[in-house]
Amino acid sequence: EAQVTQNPRYLITVTGKKLTVTCSQNMNHEYMSWYRQDPGLGLRQIYYSMNVEVTDKGDVPEGYKVSRKEKRNFPLILESPSPNQTSLYFCASSLSPTATGTREDTQYFGPGTRLTVL
Amino acid sequence: AQSVAQPEDQVNVAEGNPLTVKCTYSVSGNPYLFWYVQYPNRGLQFLLKYITGDNLVKGSYGFEAEFNKSQTSFHLKKPSALVSDSALYFCAVSLTGGGNKLTFGTGTQLKVEL
């Protein structure tokens, strides 16, 4: 089954304690992305990756890091989390960057990670 | 810069009635337009997209959307709403040749009641 998995699904942590949210896709997609979802703001892109070892900033990259050492994995790293990073995080992958190919070329989203930073 | 506006935070409709969820966009070029749906505690699921060609796009679960270039709109429609359609709907836009940039609206909560 084609899917994007994220772990953990829920996380409560304290300010300053480094954490990593993992993301993995089994569709051999080149393009992966991280979003955060906040009430009234919709989804905002944090970082994206066009391929292995190719990453770039999205709209709200401050306080986050990513890496893409393997095609299937795209972890999101918070080196020193702060309360304003409390949010719902989604990883997504697609065949092409803008998912504008065939009908099957669309962004597949993971189930989300709800992060609370105290 | 590109942007998407979903002017209604919530839309209420009776089951069996037609529904419309509004979306307008702003890009400096030819847009690609998308609709996604989010059910509680789930990730976003793709509904449909407009790339080029026919302005009326048909998608999953009986939904359709019409691209209107002059009004810069891409409203989501369904002829007969179901209670199971109740969810959060997001419109998104990207720009032709714009690389990875996918910009989402703030979402519209659809509530279908018996």
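Considering segment B:1-50 alone, what residues qualify as being crowded, with 20+ Cβ neighbours inside 10 Å and not in a strand (DSSP E or B)?
B:Q6, B:C23, B:V27, B:G43
What about B:S70, is it away from chain A (no Cβ under 11 Å), among the hydroxyl-bearing types (S, T, Y) and more than 15 Å from B:Q6 (Cα to Cα)?
yes
Taking segment B:1-36 as the search range and keeping residues that are among the aliphatic types (A, V, I, L, M) and away from every other protein chain (no Cβ under 11 Å), which one is nearest to A:S93 (Cα to Cα)?
B:V27
Looking at segment A:64-78, is at least one residue surrounded by 16 or more Cβ atoms within 10 Å (Cβ to Cβ), among the aromatic types (F, W, Y) and farther than 23 Å from B:F46 by Cβ?
The answer is yes; a qualifying residue exists.
Residues to consider are B:G29, B:G62; find the one that is without any contact (Cβ under 8 Å) to a residue 40 or more places away in the chain and among the small types (G, A, S).
On inspection, the qualifying residue turns out to be B:G62.
Every read-out reported here was derived from the displayed coordinates using simple, explicitly stated rules and does not represent laboratory data. All figures in this text were calculated on a predicted structure; none of them were measured in a lab. Because the Cβ atoms are built from the backbone with ideal geometry, glycine has one as well, and the counts that use them run over all protein chains shown.
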